[in-house]
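This report refers to the structure that appears directly beneath it.
Coordinate-derived values only; no laboratory data. Note that the structure is predicted; figures quoted are calculated from it, not measured. Every residue, glycine among them, receives a Cβ derived from its backbone with ideal geometry; neighbour counts consider all protein chains shown.
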Amino acid sequence: MHKPPAPLEPAVEPLSGPAPELFSWEFAADPYPAYAWLREHAPVHRTTLPSGVEAWLVTRYPDARQALADTRLSKNPVNHGRSSGRTGIPGERDADLMTHLLNIDPPDHTRLRRLVSKAFTPRTVATFEPQVREITDRLIDGFAANGSADLIHEFAFPLPIYAICDLLGVPAEDQDDFRDWAGMMLRHQKPGQPGVPRGGVGRAVKKIRGYLAELIHRKRADLGDDLISELIRASDHGEHLTENEAAAMAFILLFAGFETTVNLIGNGLYALLTHPEQRAQLQSSLARGETDLLATAVEELLRYDGPVELATWRYATTPLTLGDQEINTGDPVLVVLAAADRDPSRFDRPDLLDLTRRDNPHLGFGHGIHYCIGAPLARLEAQYALAALLSRLPDLTLAAEPADLRWRGGLIMRGLRQLPVNFS
């Protein structure tokens, strides 16, 4: 069947004048004009972050891809010569939680990633489909009769929390506690200062840390089929995984595995609600029982307005060149994934949402050895979430003006605070 041409949308116009203000509330609501300015005028741009740390922002696709795979750029904050730096992960100043996949280099990274990678292969994740389906349907059942809902708080937020808790082996009776603690971390984030460990964030991190330590201790006496049990088995069979490493691993999988998916589902639903032609095309495909478009749709939503704005910090271990800039030893480098994924030198009509896009090597899950280990699970959750909502509530409409919606803007992630909708 001949595919109709994708509708034309105006390209995002770069801001004119001097360098735009970054990391403000206004920037969080729509960062793409600023990213277009940076790509055009300063693709590798040195800026002062809200924390006072100076860092390089990398915004063009070729430079971003190079930086993500460059072994001269370390993930370990000890390689930042003038300051500890920040990864954007709550609890990062807690020494017991510092040894995680987002914060280390080979060979430790290779060892730890190998221990958990088998839990996130597409084949293993496929066995997790019934749980994801059950959680998705249960959450929709909770508000389907109401005629309205906040799809962030009632759907996009709890779905990945319950899913990752099931994967880790958190008992059902404790999962609502995790939902509360995760909510505390999100509510207390500030623009440019994600996960600052004070107030509600500090309390939540302390509670999660204590709970995970106790859970690991209990599971040693009663191993199951969950990921924490697998980490314990690996430790007991000579892989040299300490209890602190196991707790840090569980913590980072919980944190990285829920906020990114919250934003993927929330940002994706918002994009569909504000692009009715694309949404109608996906709904028609689902009504015919087809799944190919659903898969490409999730990839396009990851590219178009993905959950992660910037890759976590990297630090130059030796002088190097990125773009036309000389990076000094110890300099922090932040790869702006959202800017790279709208680079017109790599993507045709990058500011157009096209769910049929096939040539789509987006960087939404990163690139290189730190490519997101939970990508198969995130894809599964997003596909079931979109398919279930669009099929069960086909007349979803946005219940607020786009300009009135508030965004959680941070240095690493970006997502909606609320997504109010109406339906029959």
Checklist line | Rg and Dmax [Cα atoms of the stretch 292-424; Å; Rg one decimal, Dmax integer] | finding: 17.6, 59
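I'd like to compare 153-159, 355-361: which one has the highest average count of other Cβ atoms within 10 Å, and what's the full order after that?
On the way: 153-159: 22.6, 355-361: 15.0.
Sorting 153-159, 355-361 by mean packing, highest first, produces 153-159, 355-361.
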Notebook entry, point to check: Excluding LEU215 itself, what net charge comes from residues whose Cβ is under 14 Å from its Cβ, given Lys and Arg +1 and Asp and Glu -1?
Noted result: -4
Next item on the list: Give, as a single signed number, the net charge of other residues whose beta carbon lies under 14 Å from the beta carbon of GLY169, with Lys and Arg counted +1 and Asp and Glu -1.
Entry: -4
Next item on the list: Give the whole-number value, in cubic angstrom per residue, of the convex hull volume spanned by the C-alpha atoms of the stretch 260-366.
Entry: 106 Å³
Next item on the list: Go from 0 up to the bin containing the longest alpha carbon distance in the stretch 278-319, width 10 Å each, and give me the % of pairs per bin.
Entry: 23, 33, 19, 14, 8, 3
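Counting only other residues whose beta carbon sits under 9 Å from that of ARG303, what net charge do I get with K and R as +1, D and E as -1? Don't jump to the answer; show the numbers that get you there.
Numbers: positive: ARG342, ARG357; negative: GLU299, GLU300, ASP305, ASP341.
Combined, the nearby Lys, Arg, Asp and Glu give -2.
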Checklist line | C-alpha center-to-center spacing [the stretch 54-72, the stretch 283-354] in angstrom | finding: 12 Å
